[in-house]
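Asker: Sharing a structure below in structure tokens format, with a few things to ask.
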Amino acid sequence: MDWNTLLNNLVVPDVSIVEKVIRPILVYGFLIVLLRIAGQRTLSQMNAFDLIVLLTLSNTVQNAIIGNDNSVLGGMIGATTLVVVNVLVVRYLYKHQGLDRRLEGEPIVLVENGRFLRKNCERALITEDEVMAAIRRQGAAELADVDRVVLETSGTVSVILHHPTGEEAISSEMHERLGRIEAALSRLEQGLSASGARAT
């Protein structure tokens, strides 16, 4: 293969630049709508099935984005278009909070005051086991330690713990009791010292 052919394959796109720009924009818009319909659960990757969907999604739409083109320049144009469109969309939504809330949806409270809100879990298609796994990742041992669990619009799960938690309360009580025991022992030692001094 000569240098001219190599440069052509690397630099010259097989489709027009206009098409290279339009394809990523269409796929970007489609994926936003698709993920909005799928809900926050898909973004949160709560189980292996959701993770598989997200991993294969990019591969599935790859040809739709780049078309019949393997050139480096074509890939750069597609990637640049995606990044620029995303920046513009994020800037626009930042200035239009109402539209952003409509597109993103609202956070869903899954646990309130240590109790599952089963209707909300059902609406988000998240099982109690998946919520408990998220709670344990945040360091809580049991549901009683949790004040609230929220599935955010970004798909992340926020866990707000009671303060103090059950373990913290037990630890605090033990420290308090140890402090009282130390104070009592100190008074006892002082009493013994004083009585010993009087005896001599």
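Asker: Where in region 1-111 are the helices (runs of 4 or more DSSP H), entirely inside, with at least 1 residues that are modelled with pLDDT of 85 or more, among the charged types (D, E, K, R) and surrounded by fewer than 15 Cβ atoms within 10 Å (Cβ to Cβ)?
Answerer: Counting at least 1 such residues, we get 72-95.
Asker: A further question follows. Quick one: Ala124 ticks every box in (1) surrounded by 14 or more Cβ atoms within 10 Å (Cβ to Cβ); (2) not assigned by TED's automatic domain parsing to the domain that holds Gly155 bar one, so which box is it?
Answerer: The one condition Ala124 does not meet is (2).
Asker: Which members of region 85-136 meet the condition of being over 19 Å from the mean Cα position of the chain (by Cα), hydrophobic (A, V, I, L, M, F, W, C) and under 20 Å from Arg148 (Cβ atoms)?
Answerer: Phe116, Leu117
For (1) without any contact (Cβ under 8 Å) to a residue 40 or more places away in the chain; (2) in the same structural domain as Ile37 (by TED's automatic domain parsing); (3) not aromatic (Phe, Trp, Tyr), each residue gets a yes or a no:
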residue: Leu93; (1), (2), (3): yes, yes, yes
residue: Gly114; (1), (2), (3): no, no, yes
residue: Arg136; (1), (2), (3): yes, no, yes
residue: Gly139; (1), (2), (3): yes, no, yes
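Asker: Being touching a residue at least 60 places away in the same chain (Cβ under 8 Å) and within 17 Å of Leu26 (Cα to Cα) is the filter here, so list the residues in region 53-74 that pass it.
Answerer: Correct list: Gly74 only.
Asker: Something else: Where residues in region 127-155 are exposed (fewer than 15 other Cβ atoms within 10 Å of the Cβ) and of a type in the set (Ser, Thr, Tyr), which of them is farthest from Gln97 (Cα to Cα)?
Answerer: Per the stated criteria, the residue is Thr127.
Asker: What residue, among those in region 116-132 that are touching a residue at least 60 places away in the same chain (Cβ under 8 Å) and part of a helix (DSSP H, G or I), is farthest from Thr153 (Cα to Cα)?
Answerer: Glu130
The values are calculated or read from the model by the stated rules, or taken from the named source; none is laboratory data. What you see is a predicted model, and the numbers here were worked out from it, not measured in a lab. Please note: Cβ atoms are built from the backbone with ideal geometry, for glycine as well, and neighbour counts cover all protein chains shown.
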